[in-house]
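First up is the structure itself, then whatever we jot down about it.
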Amino acid sequence: MRILVTGGAGFIASHVADAYIRLGHTVAILDDLSRGFRHNVNSSATFYQGDIRDREFLEKVFAEVQPEVVNHHAAQMDVRRGVREPLFDASVNIVGSVNLLETAMAHKTRHFIYISTAGAAYGEPKTLPVSEDCPINPITPYGISKHTVEHYLYTFAVLYGISYVVLRYGNVFGPRQSSKGEAGVFAIFCEQMLAGIQPVIYGDGTKLRDYVYIDDVVAANVAALESGYKEVFNIGSGVPTSDDRVFSLVRDLLGLTGVSPRYLPRRPGEIERIYLDISKAKQLLGWEPKVPLEVAVRDTVSFFQQSPHTLSNAV
């Protein structure tokens, strides 16, 4: 298949592009490099640098690539920037995505894999674990913008017959992760402790998230090429993990058992507790996570120990 991966120089999508190439697909990568890195781009992929809001640029890319499938990871993914700049957030995540979708339709792309968000879309859930049919009550502009595109996909499917799969990610982590994006707590803790800086936890350390390893997320993107059409899936571990637990795992693997975190007041807009019901993905997508948390954290910490990284601010 000919596949266009947007955001393919970033953490998650670069791994997805690598997997598609290993499977023998022809892959093109589109990224504006605002968050991604050129060195993440697979040498076997064709690379286009540009903005998904630029229709003329997209027309050029689609005319050359003629993708059968679009895997859409490109986004304004900084939750805090979305709070500060909601108009910018909407322009990238909503307008840019609709621009991409319209271009795909014009060039007869048959299938669209859209990367959405779980935690930021559901808001503070009333019941746990959270299934796909739970109420959508985002408490940040980022959650609003990511979820809005799901409605456009449904509408385009009804009007024009395009096939799609929506993957609502939990908190993805692993090698190549940037500490500057959404859900980068593993990267942040690794970078700070390796630099000798006391890590910060906002809240009392009991905040719960659903962390899912990059290899498992890649497997979901592979499955979405052939299964789960016109469906929305939670992609997570289905297991709640606290901030304190993440901190302890990273600290102990780095051999820094004497280090303790600094606790600061919880930040506005942050969800206190969420983890996902992933039974639908198991049933209809044929997917489930395989990598145990301890193994995933070990490989992530090893990556940061071996690679130079730019230190970020606190979690």
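The values are calculated or read from the model by the stated rules, or taken from the named source; none is laboratory data. Keep in mind that what you see is a predicted model, and the values were worked out from it rather than measured. Note that each Cβ is placed from the backbone with ideal geometry, even for glycine, and that neighbours are counted across all protein chains shown.
The lone criterion from (1) assigned to a loop (DSSP other than H, G, I, E, B); (2) within 25 Å of Gly236 (Cβ to Cβ); (3) of a type outside the set (Val, Ile, Thr) left unmet by Glu150 is number (1). Among the conditions (1) in contact (Cβ under 8 Å) with a residue 12 or more places away in the chain; (2) within 20 Å of the chain's Cα centre (by Cα), Leu23 misses just one, which is (2).
Counting only helices (runs of 4 or more DSSP H) that sit wholly inside segment 84-141, those with at least 1 residues that are buried (at least 21 other Cβ atoms within 10 Å of the Cβ) and more than 20 Å from the chain's Cα centre (by Cα) are 97-106. Can you pull out the residues in segment 49-75 that are touching a Lys or Arg at 6+ places or on another chain (Cβ under 9 Å), more than 11 Å from Ala13 (Cβ to Cβ) and surrounded by 20 or more Cβ atoms within 10 Å (Cβ to Cβ)? The answer is Val65, Pro67, Val69.
Listed here are the residues, each with its yes/no results for (1) farther than 26 Å from Tyr154 by Cβ; (2) out of contact with any helix residue (DSSP H, G or I) (no Cβ under 7 Å at 6 or more places or on another chain); (3) without any contact (Cβ under 8 Å) to a residue 60 or more places away in the chain.
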| residue | (1), (2), (3) |
| --- | --- |
| Ala19 | yes, no, no |
| Ile29 | yes, no, yes |
| His39 | yes, yes, yes |
| Asn42 | yes, no, yes |
| His73 | no, no, no |
| Val83 | yes, no, no |
| Pro86 | no, no, yes |
| Asp89 | no, no, yes |
| Ser97 | no, no, yes |
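If you filter segment 113-135 down to residues that are β-branched (Val, Ile, Thr) and farther than 26 Å from Val69 by Cβ, you find that the one that is modelled with the lowest pLDDT is Thr127.
Residues in segment 9-34 that are among the hydroxyl-bearing types (Ser, Thr, Tyr), in contact with a Lys or Arg (Cβ under 7 Å, 6 or more places away or on another chain) and within 20 Å of Ser116 (Cβ to Cβ): Ser14 alone.
Would a scan of segment 277-290 turn up a residue that is under 19 Å from the mean Cα position of the chain (by Cα) and either loosely packed, with under 13 Cβ neighbours inside 10 Å or at pLDDT below 95 (or both)? Scanning segment 277-290 turns up at least one residue that is under 19 Å from the mean Cα position of the chain (by Cα) and either loosely packed, with under 13 Cβ neighbours inside 10 Å or at pLDDT below 95 (or both). Residues of segment 184-212 that are on the phi > 0 side of the Ramachandran plot and touching a helix residue (DSSP H, G or I) at 6+ places or on another chain (Cβ under 8 Å): Gly203, Gly205. Filtering Ser179, Ser145 for residues that are touching a residue at least 60 places away in the same chain (Cβ under 8 Å), in contact with an Asp or Glu (Cβ under 6 Å, 6 or more places away or on another chain) and in a loop (DSSP other than H, G, I, E, B) leaves a single hit, Ser179.
Does Thr109 fit the bill of being more than 25 Å from Ile21 (Cβ to Cβ) and assigned by TED's automatic domain parsing to the domain that holds Ile12? Spelling it out, it is not the case that Thr109 is more than 25 Å from Ile21 (Cβ to Cβ) and assigned by TED's automatic domain parsing to the domain that holds Ile12.
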